[in-house]
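Single-structure report; data block below.
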Ligand SMILES: Nc1ncnc2c1ncn2[C@@H]1O[C@H](COP(=O)(O)OP(=O)(O)OP(=O)(O)O)[C@@H](O)[C@H]1O
């Protein structure tokens, strides 16, 4: 963490956050460069989801500094933050089960130029193409819901994506598919912050990992230095 990073797109500095009176973020510091995939790793309750919510302004009671492309966002509203080209794919996915796949895809507002067309979405997610007309009452699998949730934020034109535990509860073959999608998005120039519990998955897609513990970032480990840091990570994560 000592070496300054070049080409920094998101810079989070001494981020504090509260749910009412409950102080849960106690000094989150991390940086993300253009085009990187970076993970936030940590035990349950460490503050990873809250960090994503604070970046989006959804956790409104926050302090410190969050700059994106040089713009200070700490006092901005979620709507204004989204318009800078940042999108969150929440853990609960937020799929409307009464709408078809295609109707779900049509929901998000366009916040920037360059949102992916529905055709391009179907190229990236062939399963969604097959299910596009599935409508009311048709239940999508967990993997399909996750893909739809990611696909939906790609429609907005956001190029900076916050993904909250996209692999949670999914079968290994689907996890692999999501890994391929994340790599494809990186190749297309997207920048991604990933909250993950699945450490093997995180290692397969990310450039760097930040460790979150009790509302603070306590370490940064480049992906190519994971092996020599395995014991340390094991202690942090309690795995
Ligand atoms: N809506 C809420 N109201 C009050 N406290 C909350 C709320 N959501 C989370 N917290 C608390 O904030 C702290 C950080 O939780 P957070 O969900 O950010 O952790 P996390 O690292 O994402 O873990 P998990 O993987 O369990 O989601 C925890 O102590 C949690 O109990």
(request) Would you please name the residue that is farthest from the ligand (Cβ to nearest atom), looking only at residues in region 10-52 that are closer than 14 Å to residue 163 by Cβ and not in a strand (DSSP E or B)? (result) 36
(request) Could you run through region 58-101 and say how many residues are crowded, with 16+ Cβ neighbours inside 10 Å, within 15 Å of the ligand (Cβ to nearest atom), outside any strand (DSSP E or B) and modelled with pLDDT of 95 or more? (result) 1
(message) Within region 204-219, take every residue that is more than 16 Å from the ligand (Cβ to nearest atom) and surrounded by fewer than 17 Cβ atoms within 10 Å (Cβ to Cβ) and give me the one that is nearest to residue 48 (Cα to Cα).
(response) 207
(request) Please state which one of 191, 167, 181 is touching a strand residue (DSSP E or B) at 6+ places or on another chain (Cβ under 8 Å) and more than 18 Å from residue 30 (Cβ to Cβ). (result) 167
(request) Scan region 185-211 residue by residue and report those that are within 21 Å of residue 111 (Cβ to Cβ) and in a loop (DSSP other than H, G, I, E, B). (result) 188, 189, 190
(request) All but one of (1) away from the ligand (no atom under 16 Å from the Cβ); (2) outside any helix (DSSP H, G or I); (3) within 29 Å of residue 10 (Cα to Cα) hold for residue 182, so report the exception by its number. (result) (2)
(message) For region 1-19, give me each residue that is loosely packed, with under 15 Cβ neighbours inside 10 Å and at pLDDT 95 or above.
(response) 13, 14, 19
(message) Just to be sure before I move on: is residue 46 within 30 Å of residue 11 (Cβ to Cβ), surrounded by fewer than 19 Cβ atoms within 10 Å (Cβ to Cβ) and touching a strand residue (DSSP E or B) at 6+ places or on another chain (Cβ under 6 Å) in the structure I sent?
(response) no
(message) The conditions are (1) surrounded by fewer than 17 Cβ atoms within 10 Å (Cβ to Cβ); (2) within 19 Å of residue 230 (Cα to Cα); (3) modelled with pLDDT under 95, and residue 201 fails exactly one of them. Which is it?
(response) (1)
(message) Please verify whether residue 55 is in contact (Cβ under 8 Å) with a residue 12 or more places away in the chain, more than 9 Å from the ligand (Cβ to nearest atom), in contact with a strand residue (DSSP E or B) (Cβ under 9 Å, 6 or more places away or on another chain) and outside any strand (DSSP E or B), treating the condition exactly as stated.
(response) yes
(message) Consider region 162-173. How many of its residues are farther than 19 Å from residue 42 by Cα and surrounded by 19 or more Cβ atoms within 10 Å (Cβ to Cβ)?
(response) 1
(message) Please verify whether residue 109 is away from the ligand (no atom under 16 Å from the Cβ) and either farther than 25 Å from residue 169 by Cα or in contact with a helix residue (DSSP H, G or I) (Cβ under 9 Å, 6 or more places away or on another chain) (or both), treating the condition exactly as stated.
(response) yes
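Here is a yes/no grid of residues against (1) within 12 Å of the chain's Cα centre (by Cα); (2) within 16 Å of the ligand (Cβ to nearest atom); (3) under 24 Å from residue 66 (Cβ atoms):
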{"residue": "147", "(1), (2), (3)": "no, no, no"}
{"residue": "151", "(1), (2), (3)": "no, no, no"}
{"residue": "157", "(1), (2), (3)": "no, no, yes"}
{"residue": "163", "(1), (2), (3)": "yes, yes, yes"}
{"residue": "173", "(1), (2), (3)": "no, no, no"}
{"residue": "176", "(1), (2), (3)": "no, no, no"}
(message) Residue under question is residue 57, and the condition is that it be in contact with a helix residue (DSSP H, G or I) (Cβ under 9 Å, 6 or more places away or on another chain) and at positive phi; does it hold?
(response) yes
(message) Let me spell it out: the conditions are (1) over 19 Å from residue 37 (Cα atoms); (2) surrounded by 15 or more Cβ atoms within 10 Å (Cβ to Cβ), and residue 150 meets all of them except one. Which number is the exception?
(response) (1)
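The values are calculated or read from the model by the stated rules, or taken from the named source; none is laboratory data. All values derive from a computational prediction rather than experimental measurement. Note that each Cβ is placed from the backbone with ideal geometry, even for glycine, and that neighbours are counted across all protein chains shown.
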